[in-house]
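**Student:** Pasting in a structure now, in structure tokens, and then I'll have a few things to ask.
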Amino acid sequence: MLMRTDPFREMDRIVQQLSGASGTWSKPSVMPMDAYRDGDEYVIAFDLPGVSAEAIDIDVERNMLTVKAERRPVAKADSVKMELSERPLGVFSRQIMLADTLDTERIQADYDAGVLTLRIPIAERAKPRKVSIGAGSGRKQISG
């Protein structure tokens, strides 16, 4: 049996009972994430341990990216009595406003080892390019 020493455990249990929380379904915490640029794309990684790939939903509406995931309790027999429950259960959700310079039509998603990784390419129209200028009889390209 797993035991821990926590002087506030009994107080937490009482607060959960008074607030109507069953102890099995706790209010989900924030979905931790990292976001960074890697060359011509942005990468966003969400920590979702214990969530099956089928329980993850990714939507993009205009420039709003929404990631929802649900972690359910482990199926258990009626005779099993939960002794300790610290892992948050329920629906997790995170919304991120994406810049107009990103190509939301080509987002790639991968889920491995409890980490959801989204790769969002930078739109072609937002990448640096050469601009031609007409000058007299010829054209010359300069960096833009």
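The values are calculated or read from the model by the stated rules, or taken from the named source; none is laboratory data. Being a predicted model, the structure only gives us computed values, none of them experimental. We place every Cβ from the backbone using ideal geometry, glycine too, and count neighbours over all the protein chains shown. Heads up: the accessible areas ignore ligands, DNA and RNA and are worked out on the full protein's heavy atoms, side chains in. Shrake-Rupley method; radii C 1.70, N 1.55, O 1.52, S 1.80 Å.
**Student:** Can you tell me which residue in the stretch 104-142 is nearest to MET31 (Cα to Cα), limited to those that are open to solvent by 100 Å² or more (accessible area, probe 1.4 Å), assigned to a strand (DSSP E or B) and at pLDDT below 90? Please lay out each step first, then the result.
**Tutor:** Let us first name the residues in the stretch 104-142 that are open to solvent by 100 Å² or more (accessible area, probe 1.4 Å), namely 105-106, 108, 112, 124-125, 128-130, 137, 139-141.
Next, from what is left, pick out any that are assigned to a strand (DSSP E or B): 108, 112, 130, 139-141.
From the residues that got through so far, the ones that are at pLDDT below 90 too are 130, 139-141.
On the way: LYS130: 41, ARG139: 53, LYS140: 51, GLN141: 47 Å.
So, considering only residues that are open to solvent by 100 Å² or more (accessible area, probe 1.4 Å), assigned to a strand (DSSP E or B) and at pLDDT below 90, the one nearest to MET31 (Cα to Cα) is LYS130.
**Student:** On to the next question. Among the candidates GLU83, GLU61, which residue alone is over 13 Å from the mean Cα position of the chain (by Cα) and closer than 24 Å to GLU105 by Cβ?
**Tutor:** Numbers: GLU83 fails: closer than 24 Å to GLU105 by Cβ.
Criteria check complete, one pass: GLU61.
**Student:** Could you please let me know if GLU54 is of a type outside the set (Lys, Arg), out of contact with any strand residue (DSSP E or B) (no Cβ under 7 Å at 6 or more places or on another chain) and more than 18 Å from MET31 (Cα to Cα)?
**Tutor:** Details: of a type outside the set (Lys, Arg): yes; out of contact with any strand residue (DSSP E or B) (no Cβ under 7 Å at 6 or more places or on another chain): yes; more than 18 Å from MET31 (Cα to Cα): no.
Answer is no for this residue.
**Student:** Test VAL67 against the stated conditions and say whether it is among the β-branched types (Val, Ile, Thr), under 15 Å from the mean Cα position of the chain (by Cα), at pLDDT 90 or above and farther than 22 Å from ALA126 by Cβ.
**Tutor:** Considered against the rule, which asks whether it is among the β-branched types (Val, Ile, Thr), under 15 Å from the mean Cα position of the chain (by Cα), at pLDDT 90 or above and farther than 22 Å from ALA126 by Cβ, VAL67 comes out as yes.
**Student:** Moving to a separate point now. Please count how many residues of the stretch 88-103 are within 21 Å of ASP34 (Cβ to Cβ), open to solvent by 90 Å² or more (accessible area, probe 1.4 Å) and in a loop (DSSP other than H, G, I, E, B).
**Tutor:** Count: 0.
**Student:** How about the stretch 27-74: which of its residues are part of a loop (DSSP other than H, G, I, E, B), free of Cβ contacts under 8 Å to residues at least 12 places away in the same chain and closer than 20 Å to MET97 by Cβ?
**Tutor:** Hit for the stretch 27-74 is ARG62, nothing else.
**Student:** Out of (1) at pLDDT below 95; (2) open to solvent by less than 100 Å² (accessible area, probe 1.4 Å), the odd one out for VAL43 is which?
**Tutor:** With respect to (1) at pLDDT below 95; (2) open to solvent by less than 100 Å² (accessible area, probe 1.4 Å), VAL43 is out only on (1).
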